[in-house]
Amino acid sequence: MTADVIVVGAGLAGLVAAAELADRGKRVVVVDQEPEASLGGQAFWSLGGLFLVDSPEQRRLRVRDSLELAWADWQQFAGFDREEDHWPRRWARAYVEFAAGEKRSWLHAQGVRFFPVVGWAERAGNSVPRFHITWGTGPGVLEPFARRVRDAVDKGLVELRFRHRVDELVTTGGAVTGVRGSVLEASDVERGVSSSRVVVGEFELSAQAVLVSSGGIGGDHELVRANWPSRLGTPPAKMLTGVPAHVDGRMLAISEAAGANLINRDRMWHYVEGITDWHPIWPNHGIRILPGPSSLWLDARGRRLPDPLYPGFDTLTTLAHLRETGYDHSWFILTAKIIEREFALSGSEQNPDFTGKDIRLTLKRALPGATGPVKAFMEHGEDFVISTDLDELVAGMNRATGEDLLSAADIRREVVARDQQVDNSYGKDLQLTAVRGARKYLGDRVVRVAAPHRLLDPKAGPLIAVRLNVLSRKTLGGLETDLSGRVLRAGGEVVPGLYAAGEAAGFGGGGVHGYRSLEGTFLGGCIFSGRQAGRAIGTVV
C-alpha cells in the first residue's frame, strides 16, 4: 500500500479529512490536479460565511435562535421530497446539531474568529441572522486545517502530490483500492488561474480507502446546462463563472464508473446578482453582490420583480422567475446612499479589510462612501451605469446591452410609484415594509441597510444601475453517502473502500441542502462532512 488513505482533492473538505486522519496516525496521500499555489481550492476565494446557531455573536445582538428553529427553517427551505433524500435528511439533521453544538467552540479552539455583526443572507430561508463572517474570510477558514496538514507533512504522515490528476478509481474484488491517473506538467500560475493540462507522465497509488473531495461542476457550464432542471426554466445562454476552472466535476463521473450512486444531480445553486469582474482571475470570472434589501429590481424589460422577490431574499425563486423573462440579465437601480451601505461583494479578494484582519481598514466601512472594491467596480465594471438624471441612466443601460429594451418613461413610473410610498408609514410598498423590518435588527441598522429614501432625491445621488447576470456556483447533489461518508451504490449497498465529502458528496449524503441552501452552509458542509469522513475512515483503516 502506498498509504492508508488517498484523498482526491486538496480543497477544504479534503484538508479537514486529511488533518483528522493524521491526528489518528494514519498515512495519507493527498492528490490534486492543480499546482501547490491553489491549496485549499475554491474555499480560499469565499467570504468565509459560516452558519451557526445560538452563537455568542447572535446573543450579543439580541437574536434569539435555537436548534429547533434552525431545523424547522432547514426542512422548510430544503423541501426534501424524494426517496433518495433519506441520507441527505439525516446529514442535514446532524449538521444543524453540529452548528448548534460544538462547531463554534471546535473552530474557535483552532484559532477561528468571527466578525461581531451577524449577517442575514437569504432572508426567505433564515428566520434570524445566522451568517457569521470569519475574520480572515476564506483564508481564515482554511488556515487551521492547512496548518494541521502541513504539520502532518513535517511528521511524515501526509504527502501532498500536486499536478496529479485522477483518471480512474482502481478496484480489486469489488472494492476501491487506489487511483490511477496522469501527471500534469509543472505550473507556476497563481492561485485560481487556469493551469496547463499537458500530460507528462502517469501514476498509480494504492490504499485501504479513497476519499473523493474534488468539488462540483460549477466551472463547466456545459455540465451545468446538461443538468439544469426544468423547474428553473431554460438554462441561460450567458453565465458568469463563480468558481475557478478546475471545478470541473470530473471525479463525479469517475466515481460513477466505479459503482457510486450520484443523486440529485438536478439540484444546484446559482446566483442572480453576478457582475463581471473587471480584473478577472479565472475565465469568465464573476463576482456576486451580497445586496441589502433596498435596490429596485427590474427585469431586462424594466418591469419590477414581483413580491417578495427582493434583493437578498430568495435566490432560486428569483432565478426561476427571471428565466421566464427570456433574457439572461436583470437590473438593480439604486442610489449612492444605498450602495455605500448595502453593497458587499462576495470573495476574499473583494474584502481586503476582513481578509487581512485589518481593524483600521474595517472601521472605515462606517465612513461615508462605498468600499474601495465597490468603488473600483463603479469606475471600471462593465455592468455599472451612473448618472444624476434618470433618463440618461436608462439610455446608458440600453447602451450597455446594445439593445433598446428599456423605456425611460416606464422605468420612471416604477421609480415614482416606489418613491411615493417612502414617506408613508402606512405605505403599500411591501419591499419598503421589508426594509423597515430589516432595520429593526441592530446589525442591519448599523452597517447593512440604508434608511429608506427616495431614489430621485438628489441628495442621495447619483443614481446607479447595475446589470446582474446568472453566476454559476454550487452543485447541491452529489455522491450518495451514509453518515460515515461511505459511498453507496444505487441499491444502498456500500462501495467498499470509497468515501466522499464536501461538494462532491452534495456537502453530505448526496444533497444535504435539498432544493435550497441556507447561506453559510457550503463551507460548513465541507468542514462537517470532511470531519465525519476523516474520523470514520480513521477507525477502520
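Quick notes on this structure:
- Residue within region 130-147 that is open to solvent by less than 10 Å² (accessible area, probe 1.4 Å) and polar (S, T, N, Q) present: yes
- Residue within region 186-193 that is in contact (Cβ under 8 Å) with a residue 60 or more places away in the chain and in a strand (DSSP E or B) present: no
- Scanning region 416-429 for residues that are in a loop (DSSP other than H, G, I, E, B), of a type outside the set (D, E, K, R) and without any contact (Cβ under 8 Å) to a residue 24 or more places away in the chain turns up GLN420, GLN421, ASN424, SER425, TYR426, GLY427.
- Among the residues making up region 24-74, those that are within 20 Å of ALA438 (Cα to Cα), among the charged types (D, E, K, R) and either at pLDDT below 95 or part of a loop (DSSP other than H, G, I, E, B) (or both) are ASP54, ARG62, ARG64, ASP65.
- Complete set of residues in region 194-203 that are open to solvent by less than 40 Å² (accessible area, probe 1.4 Å) and either part of a loop (DSSP other than H, G, I, E, B) or within 21 Å of PHE44 (Cβ to Cβ) (or both): SER195, SER196
- Yes/no for ALA417 being touching a Lys or Arg at 6+ places or on another chain (Cβ under 8 Å) and among the hydrophobic types (A, V, I, L, M, F, W, C): no
- Considering region 430-455, the residues that are in a loop (DSSP other than H, G, I, E, B) and touching a helix residue (DSSP H, G or I) at 6+ places or on another chain (Cβ under 6 Å) include one that is most open to solvent (accessible area, probe 1.4 Å), namely ARG454.
- Verdict on ALA209 being buried (at least 22 other Cβ atoms within 10 Å of the Cβ), under 32 Å from the mean Cα position of the chain (by Cα) and either at pLDDT below 95 or not hydroxyl-bearing (Ser, Thr, Tyr) (or both): yes
- Just one of the listed residues (ALA94, ALA19) is of a type in the set (Gly, Ala, Ser), open to solvent by less than 40 Å² (accessible area, probe 1.4 Å) and in contact with a helix residue (DSSP H, G or I) (Cβ under 7 Å, 6 or more places away or on another chain), and it is ALA19.
- Residues in region 216-255 that are under 22 Å from ALA186 (Cβ atoms) and not hydrophobic (A, V, I, L, M, F, W, C) were compared, and the one that is least open to solvent (accessible area, probe 1.4 Å) is PRO244.
- The single condition among (1) surrounded by fewer than 15 Cβ atoms within 10 Å (Cβ to Cβ); (2) of a type outside the set (A, V, I, L, M, F, W, C); (3) in contact with a strand residue (DSSP E or B) (Cβ under 9 Å, 6 or more places away or on another chain) that ARG60 does not satisfy is (3).
- In region 510-522, the residues that are touching a residue at least 12 places away in the same chain (Cβ under 8 Å) form Cβ pairs under 7 Å with partners that are β-branched (Val, Ile, Thr), at six or more places apart or across chains, as follows: GLY510/ILE263; GLY510/THR481; GLY511/ILE263; HIS513/THR521.
- Flag if THR481 is within 30 Å of THR241 (Cβ to Cβ), more than 21 Å from the chain's Cα centre (by Cα), β-branched (Val, Ile, Thr) and open to solvent by less than 20 Å² (accessible area, probe 1.4 Å): yes
- The strands (runs of 3 or more DSSP E) falling completely within region 317-415 include none with 2 or more residues that are over 30 Å from PHE522 (Cβ atoms) and at pLDDT below 95.
- When residues of region 491-541 are limited to those that are polar (S, T, N, Q) and closer than 30 Å to TYR271 by Cβ, the one most open to solvent (accessible area, probe 1.4 Å): GLN532
- For first residues located in region 249-267 and over 18 Å from VAL494 (Cβ atoms), partners that are of a type in the set (S, T, N, Q) and outside any helix (DSSP H, G or I) and lie 6+ apart or on another chain with Cβ distances below 6 Å form the pairs MET251/SER214; ARG265/ASN227; ASP266/ASN227.
- Scanning region 372-396 for residues that are over 24 Å from ARG454 (Cβ atoms) and either in contact with a helix residue (DSSP H, G or I) (Cβ under 6 Å, 6 or more places away or on another chain) or open to solvent by 30 Å² or more (accessible area, probe 1.4 Å) (or both) yields GLY372, PRO373, GLU379, HIS380, GLU382.
- Complete set of residues in region 204-220 that are under 20 Å from GLY502 (Cα atoms), outside any loop (DSSP other than H, G, I, E, B) and not small (Gly, Ala, Ser): VAL210, LEU211, VAL212
- In region 397-414 there is at least one residue matching the filter, namely being hydroxyl-bearing (Ser, Thr, Tyr), surrounded by 14 or more Cβ atoms within 10 Å (Cβ to Cβ) and touching a residue at least 40 places away in the same chain (Cβ under 8 Å).
- Taking (1) of a type outside the set (Lys, Arg); (2) open to solvent by 50 Å² or more (accessible area, probe 1.4 Å); (3) more than 28 Å from VAL446 (Cα to Cα) in turn, LEU69 satisfies each apart from (3).
The values are calculated or read from the model by the stated rules, or taken from the named source; none is laboratory data. Fair warning: this is a prediction, and the values are worked out from it, not measured in the lab. Virtual Cβ from ideal backbone geometry, glycine too; neighbours counted across all protein chains shown. Ligands, DNA and RNA are excluded from the accessible area calculation, which covers all protein heavy atoms including side chains. Shrake-Rupley method; radii C 1.70, N 1.55, O 1.52, S 1.80 Å.
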